[in-house]
Amino acid sequence: MTTASWIDEFPTRIAALDAAHLRRRRRAVVPTEGAHLLVDGTPMLAFCSNDYLGLAAHPALAEAACAGTREFGVGSGGSPLVSGHSLANAELEDDLARFVQLPRALYFYAGFATNVGIIPALVGAGDALFSDELNHACLIDGARLSRATVHRYPHANLAALDALLAASPARRKLVITDAIFSMDGDVADLRALLALCERHDALLLIDDAHGFGVLGPEGRGTLAEAGLTGAGASSRVLYMATLSKAAGAAGAFVAGPEALIEWLVQKTRSYIFATAAPALLARALQASLRVIATEGWRREHLTQRITQLRDGLAPLLQGTHWQLGDSRTAVQALVIGANDEALAAMDGLRARGLWVPAIRPPTVPESTARLRIALSAAHTEADVAQLLGALAELAPRAGKAA
Ligand SMILES: *Cc1c(COP(=O)(O)O)cnc(C)c1O
């Protein structure tokens, strides 16, 4: 008899996930109209898409992708440092830099790969990293890969960050933060973070996955909203954002000072040793930037839906233990508390044709299981009214214990 191989343990390990209600299932999705989807063949109204401006199905993006395919083909064929850097990708980088009003931009095939790659290119063993405890997984993984000493600071606690920066003997210090936190929707105080970085000679890397296209004048992002682009740009800020959310396509970019971007081109392993993003996506994204800037009504419509949801939920939640997070962005967290109660709420919504994911620990802190409601310019007033009606049926009654 040989001892049992660990390779035979996967079925039991999956069963353990099942038993703990932690097994994730993928659903096959077909977009139909607006925020409506066919999910495994069943019609659903989705409040879980990051397509915040409703651009994923925009005809101008689709047409630009088709024209890009006719001109460049489908695949890019190589690393950007060899033959993969198409003229379309080069032009998109110029457009991105101009759009976010920073000196230079570098276009990547994915946001996750961007952060996992650029952090180790910037700092290494002996250097120090300072990371908000609620940062996105790819910032955390990039920090680990870098081998720098990682200091996690309590969420948005600038006094704690100040103290950690002051105590660090490292010469190279890098502060990394989400601009809008993905599970709460709150906005980081970028000006205060930059002031700390100036005081302690640190570099600031901002991940604006959820703010690019949504916040700031013409959707130029959270850094632009804070007045830290154009004439207000700082030489110690790197601005990263994905192009897979509000921009409606796929990919990401990092923008900032010329020398820093050039360094990233030279040293980012996830950029150098990967195939460049296809030109058809770059063409779609050039179209997306034009739509983001010119169709300002999409941001106004989104803002109206955010207000509608928050105003509609306030009376429903009064006197209950359900709490709406403090957010002015498209990400609205309805914190319920217990895992099973959040799951029951998700199931109740699903039974009513509404798709709102329940987010549980360890993705969020213990006892803060929640419904993460993602709003979009693709939602109509009637869509949000339907969600409010369903939540009115499912929310606990005021005064009644859970
Ligand atoms: C979605 C997300 C990413 C990853 O971007 P992709 O383009 O989907 O790989 C990175 N950072 C944050 C904060 C995100 O929410």
Among the residues of the range 168-179 satisfying the criterion of being more than 16 Å from the ligand (Cβ to nearest atom) and either assigned to a helix (DSSP H, G or I) or of a type in the set (D, E, K, R) (or both), which is most open to solvent (accessible area, probe 1.4 Å)?
Arg171
Evaluate the following for Gly230: is it away from the ligand (no atom under 16 Å from the Cβ) and either over 30 Å from Leu280 (Cα atoms) or surrounded by fewer than 24 Cβ atoms within 10 Å (Cβ to Cβ) (or both)?
yes
Give, as residue ranges, the helices (runs of 4 or more DSSP H) completely inside the range 266-343 that count at least 3 residues that are more than 21 Å from Ala246 (Cα to Cα).
269-272, 297-317
Restricting the first residue to the range 37-51 and requiring it to be under 16 Å from Val384 (Cα atoms) and open to solvent by 50 Å² or more (accessible area, probe 1.4 Å), which pairs with a second residue that is part of a strand (DSSP E or B) and within 16 Å of the ligand (Cβ to nearest atom) meet a Cβ separation below 8 Å and a spacing of at least six or different chains?
Ser49/Ala374
Scanning for something in contact with a Lys or Arg (Cβ under 8 Å, 6 or more places away or on another chain) and either assigned by TED's automatic domain parsing to the domain that holds Ala209 or open to solvent by less than 10 Å² (accessible area, probe 1.4 Å) (or both), does the range 352-361 turn up at least one residue?
yes
Could you grab me the full set of residues in the range 233-255 that are of a type outside the set (A, V, I, L, M, F, W, C), open to solvent by 20 Å² or more (accessible area, probe 1.4 Å) and either assigned to a strand (DSSP E or B) or away from the ligand (no atom under 13 Å from the Cβ) (or both)?
Ser234, Ser235, Arg236
Expected single match for assigned by TED's automatic domain parsing to the domain that holds Gly227 and either open to solvent by less than 20 Å² (accessible area, probe 1.4 Å) or free of Cβ contacts under 8 Å to residues at least 24 places away in the same chain (or both) among Leu165, Leu203, Leu158, Leu145 is Leu165
Exactly one of (1) more than 18 Å from Ala246 (Cα to Cα); (2) within 16 Å of the ligand (Cβ to nearest atom); (3) assigned to a helix (DSSP H, G or I) is unmet by His155. Its number?
(3)
Residue check: is Glu218 more than 14 Å from the ligand (Cβ to nearest atom) and more than 29 Å from Ala148 (Cβ to Cβ)?
yes
Log entry, pairs with first residue in the range 74-89 being hydrophobic (A, V, I, L, M, F, W, C), second being open to solvent by 20 Å² or more (accessible area, probe 1.4 Å) and modelled with pLDDT of 95 or more, beta carbons closer than 6 Å, six or more apart or on different chains, reads Leu81/Ile272; Ala88/Arg283
Please verify whether Gly142 is modelled with pLDDT of 95 or more and within 12 Å of the ligand (Cβ to nearest atom), treating the condition exactly as stated.
yes
Among the residues of the range 101-133, what is the count of those that are hydrophobic (A, V, I, L, M, F, W, C) and within 10 Å of the ligand (Cβ to nearest atom)?
5
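Table: residues versus (1) in contact with a strand residue (DSSP E or B) (Cβ under 8 Å, 6 or more places away or on another chain); (2) open to solvent by 50 Å² or more (accessible area, probe 1.4 Å); (3) over 30 Å from Glu225 (Cβ atoms); (4) of a type outside the set (D, E, K, R).
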| position | (1), (2), (3), (4) |
| --- | --- |
| Ala19 | no, yes, yes, yes |
| Val30 | yes, yes, yes, yes |
| Ala35 | yes, no, no, yes |
| Ala60 | no, no, no, yes |
| Ser76 | no, no, yes, yes |
| Ser83 | no, yes, yes, yes |
| Pro103 | yes, yes, no, yes |
| Ala110 | yes, no, no, yes |
| Thr114 | yes, no, no, yes |
Flagged in the range 213-227 as open to solvent by less than 10 Å² (accessible area, probe 1.4 Å) and either without any contact (Cβ under 8 Å) to a residue 60 or more places away in the chain or of a type in the set (D, E, K, R) (or both), in numbering order, are Thr222
Here is a list of conditions, (1) more than 16 Å from the ligand (Cβ to nearest atom); (2) assigned to a loop (DSSP other than H, G, I, E, B); (3) not aliphatic (A, V, I, L, M), and Ser182 meets all of them except one; can you say which number that is?
(1)
Across the range 180-200, which residue is farthest from the chain's Cα centre (by Cα) among those that are over 29 Å from Arg360 (Cβ atoms) and either open to solvent by 50 Å² or more (accessible area, probe 1.4 Å) or in contact (Cβ under 8 Å) with a residue 60 or more places away in the chain (or both)?
Arg199
Does Gly389 satisfy the criteria of being small (Gly, Ala, Ser) and under 30 Å from Thr222 (Cβ atoms)?
no
Kindly check whether there is at least one residue in the range 188-207 that is small (Gly, Ala, Ser) and in a loop (DSSP other than H, G, I, E, B).
yes
Checked pairs for the range 1-28, first closer than 22 Å to Ala342 by Cα, second open to solvent by 80 Å² or more (accessible area, probe 1.4 Å) and of a type in the set (Asp, Glu), C-beta under 6 Å and 6 or more apart or across chains, list as Arg27/Asp40
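The values are calculated or read from the model by the stated rules, or taken from the named source; none is laboratory data. What you are looking at is a predicted structure, and each value in this text was computed from that prediction instead of being measured. Positions of Cβ are backbone-derived with ideal geometry, glycine not excepted, and every protein chain shown enters the neighbour counts. These accessible areas exclude ligands, DNA and RNA; they are computed on the full protein's heavy atoms, side chains included. Shrake-Rupley method; radii C 1.70, N 1.55, O 1.52, S 1.80 Å.
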